[in-house]
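To start, the structure itself, in structure tokens.
FYI, it's all coordinate maths here, none of it is from the lab. The shown structure was predicted, so the numbers you read here are calculated from the model rather than taken from an experiment. Here the Cβ positions follow ideal geometry from the backbone for every residue, glycine too, while neighbour counts run over all protein chains shown.
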Amino acid sequence: QIPPRAEKYSGAGGYTFYTVSSNVSSAIPVTFKQKLKNQEAVEEGSVTLRCELSKPGVPVEWRRDAQLLKEGEKYQMKQEGRMAEMLIRNLTLTDAGEYCCFVGTVVTSADIKVRGMCQYNRYGLKITGKDTVRSTLCISYEIRCSNDAGKYTCKTKDCQSTAELTVKGKIQRKYD
């Protein structure tokens, strides 16, 4: 039986043949061979998100909390072959969150955590960024004289930490 959409052709030697075209799509859906990974970085640093697609040359979209991200000073996006990556520069505590890479309706996501930086001085705690749940506190202090010895306490809304500093030895002064 000859299909209704067949086209008839006559060949040499009196042969007749038919061709049939099909509208059935044989496209294989794109997937992620390597998914995004959760990462932690330091405030003012950078982080690179990277994933691998099952096919090369398929465009991706990068989103943060459902908002489409665009290339610029903050975000640098690159695609080579099956690899897609996005560099996030000059991290701030507000950059912490979920980042997604979409190809069509397929998605991979990663959680980015940003640790804050702070500085301690003799007279109190100075935080050089907004502290969030996703940040950790780091304290540094330069000892300049033996009078710095004593008990130091850091208090936050939910907790308190105390340490005792003992200065051993003599601090030498440099005279010109």
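Do we have ALA84 as in contact with a strand residue (DSSP E or B) (Cβ under 7 Å, 6 or more places away or on another chain), among the small types (Gly, Ala, Ser) and under 17 Å from GLY97 (Cβ atoms) here?
Here the answer is no, as ALA84 does not meet what is asked.
Starting from residues that are closer than 11 Å to ALA110 by Cα and touching a Phe, Trp or Tyr at 6+ places or on another chain (Cβ under 7 Å), keep the ones in the stretch 37-62 and report whichever is surrounded by the most Cβ atoms within 10 Å (Cβ to Cβ).
LEU49
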